[in-house]
Amino acid sequence: MSPLIAHTDPVMDANLMNAEVPPGAEFWFGTDAQGRDIYSRVLYGARISLTVGVLSQLINTAIGVALGMSAGYWGGWWDDVVSGLTNMMLAIPSLVFALAIMAILSPGLTSLLIALGLTNWSYTCRLARASTLSLRNQGYVQAARILGYGDLRIMLTQILPNILGPIIVIGTLGMGGAVLAEAALSFLGLGIRPPFPSWGSMLSDARDQITTAPWISIFPGLAIFVTVLGLNLLGDGLRDILDPQARARTA
Amino acid sequence: MLSYLARRLIQTIPILLAVAALIFILFSVIPGSFASSLGDDGKSVLDAETMARMNRELGLSDPIYVRFARYVGQLAQFDLGVSFRTRQPVAVVIAERLWPSAQLALASMGFAIFVGVPLGFVAALRPGSLIDTGSMVLAVSGLSLPKFWLGLLLMYLFALKLGWLPSFGYGDGGLKHLLLPAVALGVSPLALLARTTRAAVLEILDADFVRTARSKGMSETRVVRWHLARNALVIVLTTVGLQFGSVIGQAVVVEKLFSWPGLGSLLIDSVSLRDLPVVQGAILTIVMIFLVINLTVDALCAAIDPRIKYT
């Protein structure tokens, strides 16, 4: 989408002749210190933020569901191992953990996906485990077992559909968090490196010019804010639809 | 209660060890040692001999399990090693940063609690009112704001435009320098606290004991003070505990933005310098603080709510 609605190339069209032009008819959001169109850069930045937000959350959800559901279903030593892992993950603030991973890998999109995709699955895992535990001995699960279904088939066809609602809610709310985390890491210089446009790295550049050109700081931040707000509202809305308990509470 | 606390304290040791192992494994696969990172800034390229000597001196040439065993042995004696860069003991480097970090975390949580909790309370007591709608819109927005952007805007407005407050740094450690970073960091816990408090109070308002209290003619002030506040406190406290952890994590970005000399900016600076002992020490310290806070919150909840029993 971005090439169709952007005005200029976000990286190549640097032109020092029109550096730090305030927002106007030609440059809707103004230009930065290298004369690049901020509107175009914000548009391209959306690619990174949304890709990281959605994909990293998909990875987290997959890990959390796989670990939590299997731990709840099988119990025993595997449950102990998963619970231990979850407790450890809960003890490390996820941004600090992601930062440690980014410090090891070289900056870039793949590293961001690894850092954010592997560090935020503990809540999903806990939830999946708890709901699986409550379903494990339900009549229809036992019936499936008597019919000779394998463990994997029971988990995927009998349990997963019934625990998915709240997990989707957590995943959606987590996307907002992942967009924020990506921006923070790029702001710290550990995520997407300049000159490629990421909202976080744009803000990091903008910090030095805040006195002379405050608009450079405003628009990328606004983009993050609106995106995360949208994802959070989507998550809240999904919770109202998918989580019958929450609906009963607000009613 | 005491034995519960003692057992919980003992339970944190394996978690700490696991975190230490995890961080250690992560950082032992870093491509490029400290010696080589000194070399790739283009200016002071070290020759191979010097690099080998430095790696040997810093103990980086031993096999990984030897290094980990040594590390755990030192940890048990509260020895976090020596900074690669300044050659100071890591424990000393970290200790210097603890107070500024604590100041920032406490100030931002204080701000969040004293604004967020009353806001949620008032919103719940007048559901559907302008205050309710307004504060919940604020809460959702607060959760979606990138902290460093808010910090940047606050810095622009209050420091650069109005000139009321210093834009960054620690200064003499007074309130003036603390205010902007604390607000930037406190907004999202504030938003979450307002939401949680509102939900908790609404739920309690529905409870049987509140209806009973009202029907026996108890005045509204007494209902609010005796029944609502006390019962909501447990939920609020739990949220405060959880948020403390996220504040400690998020502080990394805000500290860096405001050049605040806390654990967070120490962590970032050490990461970019590949100063592994300091990075490991800082992360371990953060985890330890987080675990202690959780423990404290659990103990406080048990003290307030007689229904919570620990066996």
Checklist entry - Using the per-residue mean of other Cβ atoms lying within 10 Å as a proxy for protection, in what order, highest first, do the peptides B:84-94, B:4-14 fall? => result B:84-94, B:4-14
Checklist entry - If each of B:R230 and A:L222 carries a label point 7 Å out from its Cα toward its Cβ, how far apart are those two points in nm? => result 5.1 nm
Checklist outcome for this item: Expressed in nanometres to one decimal, the distance between label points 7 Å along Cα→Cβ at B:W164 and A:T211 is 2.1 nm
Checklist outcome for this item: The alpha-carbon pair-distance distribution computed for chain B, with 10 angstrom bins and whole-percent values, is 5, 21, 25, 23, 15, 7, 3, 1, 0
Item to check | Residues B:E96, B:E49 arranged by fewest to most Cβ contacts within 10 Å | outcome: B:E49, B:E96
Checklist entry - How large is log10 I(q)/I(0) at q = 0.17, 0.19, 0.22 Å⁻¹ when the Debye formula is applied to the Cα atoms of the stretch A:44-165, each weighted equally and without solvent? => result -0.86, -0.98, -1.16
Checklist outcome for this item: When B:T238, A:T124 are arranged by how many other beta-carbons sit within 10 Å of their Cβ, fewest first, they go B:T238, A:T124
Checklist outcome for this item: Taking 0.36 nm per residue of separation between A:S134 and A:V54 and subtracting their Cα-Cα distance, the length gained on full extension comes to 25.9 nm
Checklist outcome for this item: Relative contact order in percent for chain B (Cα pairs under 8 Å, 6+ apart) equals 24 percent
Checklist entry - Cα centroid distance between the stretch A:117-150 and the stretch B:214-231, in Å? => result 42 Å
Next on the checklist: Just to be sure I understand the model, the point goes 7 Å from the Cα along the line to the Cβ. What's the resulting B:S215 to B:L157 distance in nm?
Outcome noted: 4.9 nm
Item to check | Alpha-carbon spread of the stretch A:127-251, three principal axes, descending order, Å | outcome: 72, 36, 16
Checklist entry - By its C-alpha gyration tensor, with a ≥ b ≥ c as the square roots of the eigenvalues, how is the stretch B:83-137 shaped: rounded for a/c under 1.5, else prolate for a/b larger than b/c, else oblate? => result prolate
Checklist entry - In whole angstrom, how long is each semi-axis of the equivalent ellipsoid of the stretch B:177-216, when you take the square root of 5 times every eigenvalue of its Cα gyration tensor and sort them from largest down? => result 36, 10, 4
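Given Cα positions, please report Rg to Rh for the stretch B:90-215, the hydrodynamic radius being the Kirkwood one.
My calculation of the ratio gives 1.12.
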Next on the checklist: Counting only other chains, and only Cβ atoms inside 10 Å, what mean value do you get across the residues of B:237-245?
Outcome noted: 1
Checklist entry - What FRET efficiency would be calculated for the residue pair A:D151, A:V81, taking the C-beta separation as r and a Förster radius of 30 Å, to the nearest 0.05? => result 0.95
Item to check | Local electrostatic count at B:D132 - Lys and Arg +1, Asp and Glu -1, tallied over other residues with Cβ under 14 Å | outcome: +3
Item to check | Residue exposure sequence - B:L143, B:L180, A:L147, A:L135 - by fewest surrounding Cβ within 10 Å | outcome: A:L147, A:L135, B:L143, B:L180
Checklist entry - Can you give the convex hull volume of the alpha carbon atoms of the stretch B:212-311 per residue, in Å³? => result 118 Å³
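Each reported figure results from applying straightforward, stated rules to the coordinates on display, with no laboratory input. Predicted model, so just to flag it, every value in this text is computed and none were measured. Here the Cβ is made from the backbone with ideal geometry for all residues, glycine too, and neighbour counts use every protein chain on show.
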